[in-house]
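Right, one structure below, let's go through it.
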Amino acid sequence: MQTFKRAAELELKLKKYWEEGKSIGFVPTMGALHKGHLSLVKEARENCQLVVCSIFVNPTQFNNPDDLLKYPRAPKKDAALLEKAGCDFLYYPSVDDVYPNGTEYQLPFDLGHLDEIMEGKYRPGHFKGVAQVVHRLLEIVKPTEIYMGMKDFQQLAVVEKMIRDLELPVGLIGCETIREKDGLAMSSRNARLNEEMRNRAPVIFQTLQLSKKWIETYSPDEVKKMAFEKIRSVGLEPEYFELVDPHSLLPIRKEKDESSIVACVAAFANDVRLIDNMWIRNGH
Ligand code: AMP
């Protein structure tokens, strides 16, 4: 694996692959890697001729400065893990290299309602930052495919919309969520949980599973209420629990709706904010 700190050097290396029309799988990450990230790298390795990964803690997607400051960083360990998982090129840049003209510019792209619901509502500016960094990284790497996790379900929808609206020449591959044995979705943030909260955090997964059963009998509003109660019962504080249409991400409201449903949740374990989701009904 070769590591590049500068886009210009990476681009010089990639030129040959672009010209030869090779398939390039790209996995953007913010580092502190776990098996969830590595599953994306492995999938890219199995399907593409070249695998490019990035590690960049993007400041423009953090609405909370403290969260940015506390974001875990482990560059040496990450590089070893990426190499083992089959990454060819690692882009590990500084903020200036990603944003040589500053971070203030706006993309010609409207997030629409995606910016107003769930993560968009509670993390103002977050998805603007995500779209900005993914757009810039795609501009540098020019992959044929970008691999992203369904763990960040709304993020996937944002990137899908950006690719469609801006007609970017790249395929988006959504990969399944990798979990710990007790169901907790793997996340770099899990490292910040103390032992007590680590033991309680699987309630998020348990609640998502329960909501699969609840929705057979109860209305969406009742399921939301029951989910809040279940999560609170062990001392986590839910921020939202929404039942949404998997395509529009708009909330399911009707009692007898027959559509597919994805349950999306964000909850605080002390000051650690965890998110997860699960497809809880297959519609007709
Ligand atoms: P992050 O470093 O948190 O920005 O994540 C980088 C990529 O890894 C994103 O596409 C995430 O959706 C994906 N990812 C994070 N956690 C998981 C997981 N537990 N399973 C699968 N993919 C994940």
For region 137-226, alpha-carbon Rg over 2.2 N^0.38 Å: 1.43
Span per principal axis, largest first, for the Cα atoms of region 174-282 (Å): 41, 31, 21
Reciprocal mean inverse distance between Cα atoms of region 89-192 - Kirkwood radius, Å: 15.2 Å
Whole-number accessible area per residue in Å² for region 57-166, which is evaluated in the context of all protein chains at 1.4 Å: 47 Å²
Estimated 222 nm signal from helices in the chain, with DSSP H stretches of n ≥ 4 weighted -39500 (n - 2.57), rounded to 500: -12000 deg cm²/dmol
Förster radius 30 Å - calculated FRET efficiency between Leu166 and Ser94, Cβ distance, rounded to 0.05: 0.70
Cα Rg over Rh - region 25-82, Kirkwood: 1.03
Amide proton proximity set for Ala74, modelled H, under 5 Å, gap of 5+: Ala32
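Can you figure out the FRET efficiency of Glu83 with Phe268, using R₀ = 41 Å and their beta-carbon distance, to the nearest 0.05?
E(calc), rounded to 0.05, equals 0.70.
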Ordering of 26-33, 179-186, 206-213 by packing [mean C-beta count within 10 Å, highest first]: 26-33, 206-213, 179-186
Estimated D of region 234-284 in µm² per second, where Rh is the Kirkwood radius over Cα pairs and Stokes-Einstein applies at 10 °C, 1.306 mPa s: 134 µm²/s
Of all accessible heavy-atom area on region 1-110, the percent that carbon and sulfur account for (1.4 Å): 51 percent
When each of Lys225/Lys254; Lys213/Lys254; Lys16/Lys84; Lys35/Lys77 is checked by Cα-Cα distance, pairs over 19 Å: Lys16/Lys84
Derived scalar couplings ³J(HN,Hα) [region 113-123; Karplus, 6.51 cos²θ - 1.76 cosθ + 1.60; whole Hz; x for Gly, Pro]: 5, 4, 7, 10, 10, 6, 4, x, 6, 8, 10
Alpha carbon Rg of region 1-124, scaled by the compact-globule rule 2.2 N^0.38 Å: 1.17
DSSP-defined beta bridges in the chain - what % are antiparallel, rounded to 5: 50 percent
q = 0.09, 0.16 Å⁻¹: log10 I(q)/I(0) that the Debye formula gives for the chain, counting C-alpha atoms only: -0.44, -1.34
Long-range amide H partners of Phe4 with built H, under 5 Å: Leu90, Tyr91, Tyr92
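The values are calculated or read from the model by the stated rules, or taken from the named source; none is laboratory data. These numbers come from a predicted model, not from an experiment. No Cβ is skipped: glycine too gets one built from the backbone with ideal geometry, and neighbour counts run over all protein chains shown. Note: areas computed on protein heavy atoms with side chains; ligands, DNA, RNA excluded. Shrake-Rupley method; radii C 1.70, N 1.55, O 1.52, S 1.80 Å.
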